[in-house]
Amino acid sequence: MLRRLSDSHVAVVGLGYVGMPLALMLAKHMRVTGFDIHQERVEELKEGFDRNREIEGPLLRTTTCDFTSEVPDICDCNVYIVTVPTPIDGHNKPDLGPVESATKTVASVLKKGDIVVYESTVYPGVTEGICGPLLEQGSGLKSGKHFFLGYSPERINPGDAEHTVQKITKVVSGQTEEVSDFLAALYGQMNNGNIFRARDIRTAEASKAIENAQRDINVAFINEVTMILNKLGLSSYDVLEAAGTKWNFLKFSPGLVGGHCIGVDPYYLAECAQNIGHEPRVILAGREINDSMGPYVASCIHDLLVKETGSGKSGKILLMGFTFKENINDIRNTKVLDILKALQALGHDVAIHDPHARLEDVRHEYGIDIMSTLPDKAEYDVAALLVSHDVYKEMTPESLQSIVRRGGVIYDMKGIWRHMAVELAYRFSYQTL
Ligand SMILES: NC(=O)c1ccc[n+]([C@@H]2O[C@H](COP(=O)([O-])OP(=O)(O)OC[C@H]3O[C@@H](n4cnc5c(N)ncnc54)[C@H](O)[C@@H]3O)[C@@H](O)[C@H]2O)c1
């Protein structure tokens, strides 16, 4: 017999970009304890500080959600929602280490009647084929009899004010109909019952994996045509603008694909395909093209400099933007690093500015120092716009003139200054993808 929502106590295991907002949302409706192995993070949350800058201090200080890094504090919970990272290793293979480790923690406190839901992005079969057995081993209980599994993929998009938890359709799946009903009720509290019940757990797992792989491939197509169009001397933004007037042309733009999801999840799907003897050609080709975008952009910047100076002499370059996407501080798997390395290998003197990235995180993660305020001397030969943060969108030819020397290069990878291209071209060499 499954429990009712009213006597449920939820543990959210992993308080990152996904787990933290989820814990706070659920805590508005029920008893919730947020658990994370990162003690410093837990202490910060208790003090009302979210280093991810997703949750405001007052909200953290007034929530009824408890935060802990102590396993005994979650032993009287009866619904466990796992939201830990699912990275890849150095060979682009899924690293299920965090999911397995979180599962072992849950197993150590699992009781009869408990429900364990996974939100981490995985490939079909992980929840029932890998996590279920680990929970059984660690608890001595039987999956589907004593405790129950569920999977509910996460779709939140940090920094996106439009597609919020309250508005996104939430896919849920359970080991039994009853578990699906329970999860539909649990998640439905947060979004007015905007729930889709997937046929089963593997279907829900697969749906998430293909959503992100589809996005990766769509961007890869645009990146590949961008390389072709640039060779033809055309701007991909001009061509996309024209093509976009057709009713069924899909609107994607060229650029770097970094972060923890789109650039990673397709490898989970690829691994799953390979495990069952299918070589995923399109999926891996898409990954290869998107991963080649950093070196491609670096070569564009280098070629522009050579053209402009008439020699292969090294230049002073400012890369604008370091986070993996606009207006957030997330630096995981940022592909700006590829551009930095390629330009440095060509002998250029490269500096980086980002208004959102935490400088100490960048130093800790990548061993490099970046700036959070724009330089005020027109000493750069090139300013290369790589991430379309709002502060960059507000810049003018005058503000760029205080960074780049007259006659220098403005490389606008995201095409955000196209509306002032003519004005820019008057003072600099202006180039976009
Ligand atoms: N961030 C997004 O936009 C997003 C969107 C959809 C899906 N996802 C998926 O959700 C999952 C979580 O992503 P995220 O961005 O929140 O990750 P994150 O790195 O921001 O947070 C994960 C948290 O889990 C903690 N953790 C790691 N191992 C743990 C363990 N064994 N026990 C308890 N806590 C542990 C970490 O300390 C960290 O605080 C991933 O599978 C990701 O692919 C993320």
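Key figures
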| quantity | calculated |
| --- | --- |
| Residue match in region 49-58 (condition: within 12 Å of the ligand (Cβ to nearest atom), open to solvent by less than 60 Å² (accessible area, probe 1.4 Å) and of a type in the set (S, T, N, Q)) | yes |
| Selection count where residues are in a helix (DSSP H, G or I) and of a type outside the set (Lys, Arg), scope region 55-96 | 9 |
| Region 201-223 residues that are in a helix (DSSP H, G or I), paired with ones that are among the hydrophobic types (A, V, I, L, M, F, W, C) and surrounded by fewer than 19 Cβ atoms within 10 Å (Cβ to Cβ) (beta carbon under 7 Å, 6 or more apart) | ILE217/VAL282; ASN218/LEU250; ASN218/PHE252; VAL219/PHE252; ILE222/PHE252 |
| Residue list for region 383-402, restricted to those being at pLDDT 95 or above and either in a strand (DSSP E or B) or in contact with an Asp or Glu (Cβ under 8 Å, 6 or more places away or on another chain) (or both) | ALA383, ALA384, LEU385, VAL387, SER388, HIS389, ASP390 |
| SER108 being part of a helix (DSSP H, G or I) and either near the ligand (Cβ under 10 Å from one of its atoms) or open to solvent by 10 Å² or more (accessible area, probe 1.4 Å) (or both) | yes |
| Failed criterion for ILE262 (all others in (1) out of contact with any Pro (no Cβ under 7 Å at 6 or more places or on another chain); (2) over 22 Å from PRO85 (Cα atoms) hold) | (2) |
| Selection status of LEU229, under 18 Å from TYR411 (Cβ atoms), outside any loop (DSSP other than H, G, I, E, B) and open to solvent by 10 Å² or more (accessible area, probe 1.4 Å) | yes |
| Within region 124-163, considering residues that are open to solvent by 40 Å² or more (accessible area, probe 1.4 Å) and among the polar types (S, T, N, Q), the one nearest to LEU26 (Cα to Cα) | ASN157 |
| The listed residue being open to solvent by less than 30 Å² (accessible area, probe 1.4 Å) and either within 25 Å of the chain's Cα centre (by Cα) or basic (Lys, Arg) (or both), out of VAL79, VAL117 | VAL117 |
| Subset of region 138-160 (residues that are out of contact with any strand residue (DSSP E or B) (no Cβ under 8 Å at 6 or more places or on another chain) and not in a loop (DSSP other than H, G, I, E, B)) | GLY138 |
| Region 71-100 - residue that is of a type in the set (D, E, K, R) and free of Cβ contacts under 8 Å to residues at least 12 places away in the same chain and, of those, nearest to the ligand (Cβ to nearest atom) | ASP95 |
| Selection count where residues are within 6 Å of the ligand (Cβ to nearest atom) and not in a strand (DSSP E or B), scope region 2-23 | 6 |
| Cross-chain or 6+ apart pairs with Cβ under 6 Å, region 360-386 first and within 16 Å of THR309 (Cβ to Cβ), then open to solvent by 40 Å² or more (accessible area, probe 1.4 Å) | TYR380/LYS316; ASP381/LYS316 |
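The values are calculated or read from the model by the stated rules, or taken from the named source; none is laboratory data. Just so you know, these numbers come straight off a predicted model, no measurement behind them. Reconstructed Cβ throughout: ideal geometry from the backbone, glycine too, with neighbour counts over all protein chains shown. Ligands, DNA and RNA are excluded from the accessible area calculation, which covers all protein heavy atoms including side chains. Shrake-Rupley method; radii C 1.70, N 1.55, O 1.52, S 1.80 Å.
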